[in-house]
Amino acid sequence: MRTTRKWYAVCLIGTVAAILLPPSALMAQVQPEATTSNRKIEEIIVYGRQPGPPMWKVSRGEHVLWLFGVLLPLPENMQWESDKVAAVIAQSQEYLSIKMPEQRIPLNPFKLVRAYRLAVSLTMNPGGATLADVVPENMYARFAALQAQYPVRDFEKMRPYFAAEALHGNAVRANHLTNDSDVEKRIERLICQNGAIKKTEIHFGPDYLDYEFLKSEGDRLLDDASSTEELVCFEASLASIETDVEGMKYRADAWARGYVDEIRYYQEYPDQYGACLQVFKSIGDVQALMQQTDAEWMVAAERALANNVSTFALLPMDQLIKPDGLLEQLRVRGFAIVEP
């Protein structure tokens, strides 16, 4: 997995974004004193070492699968306590992970320039249309107001998806949050310390996305993307930036301190991730690929629970708390679940 909140972000858009945008320029939110269920969300930025995120225990008999939920964005420079996770990994026989395609940026300077130009062209609206031409007037006015606060370079001709992602990335960084945290890197280091652990990767899509992929598949895949879903993504991104930055900080604080109930409590926020995920689902067979990945992960999890005393796996936090997530699917299959 690359970044968990981009668990399914594959094919063209991920490759273009990797070439065009810095790593943390892919998501965000804003506005003080956001509330839900009469609860006021104070401005929270987590600094220093925290108790550490929780783990879910899935078991059948003496065999256990430990699920670590990753949440993004997180505060910059946050340190979380990893001793509990390290102890679980040290005693585990297998590690399950989702293997996203690696994004290869050309090392040859001439090919890199060509890749950059191609990526730029693919982010633009067809026929030279501007952003103002393709989004409703009221949405464009909202974008323009936020753009003045979190400037996006050369946004005028961008497709709505890319304009929204760039704006989100700028808002994230401006509010001292990041989608480029070291959580998964820390996990990988702990995995490497257990030399005997078996690593099982569920591959999502091709092994590599590169310049040749952009060149051969770019136009076709973007033509498949639903313009309607792009507008839904665009609007959800604006709403998220307008209303949810303090909520994001609140959820990050709850994650760092291991307060799962607090994460569940604050779920009435604009689902920018879910809305923009629909853009991917509208491209070719991506939705079927996503379903296949979930099914393969479930097979690997059931096999690990049958064969190992202890198994460790990473999942996006929403897969652990949403009603139809992978954790709930394990519960339906009869496994015992102990929630943190």
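The values are calculated or read from the model by the stated rules, or taken from the named source; none is laboratory data. Since the structure is predicted, the reported quantities are computational estimates derived from the model, not experimental observations. Because the Cβ atoms are built from the backbone with ideal geometry, glycine has one as well, and the counts that use them run over all protein chains shown. With ligands, DNA and RNA removed, areas are computed over all heavy atoms of the protein, side chains included. Shrake-Rupley method; radii C 1.70, N 1.55, O 1.52, S 1.80 Å.
Ranked from largest to smallest solvent-accessible area, with a 1.4 Å probe on the protein heavy atoms, ASP207, ASP324 come out as ASP324, ASP207. Label-to-label distance for ALA129 and ARG264 is 4.4 nm, based on points extended 7 Å past Cα in the beta-carbon direction. Placing R0 at 45 angstrom, the Cβ-Cβ distance between ALA145 and GLU188 gives a FRET efficiency of 0.65 after rounding to 0.05. Packing here is the average count of other Cβ atoms within 10 Å per residue, and on that basis the peptides 140-146, 157-163, 253-259, highest first, run 157-163, 253-259, 140-146.
For the stretch 97-176, GluC sites (Glu not before Pro) are listed when DSSP marks them as loop and at most 15 other Cβ atoms sit within 10 Å of their Cβ; the list is GLU156.
When you work out D = kT/(6 pi eta Rh) for the stretch 59-183 at 37 °C and 0.692 mPa s, using the Kirkwood radius from C-alpha pairs as Rh and the Stokes-Einstein form, the result is 175 µm²/s.
If R0 is 51 Å, the Cβ-Cβ spacing of VAL113 and ARG333 corresponds to a FRET efficiency of close to 0.50. Here the stretch 244-340 exposes an accessible surface that is 48 percent carbon and sulfur, computed with a 1.4 Å probe and the other protein chains kept in place. Of the whole protein surface, SER240 contributes about 0 Å² of accessible area at a 1.4 Å probe radius.
Solvent exposure of the stretch 274-336 amounts to 40 Å² per residue of accessible area, where only protein heavy atoms count and the probe is 1.4 Å.
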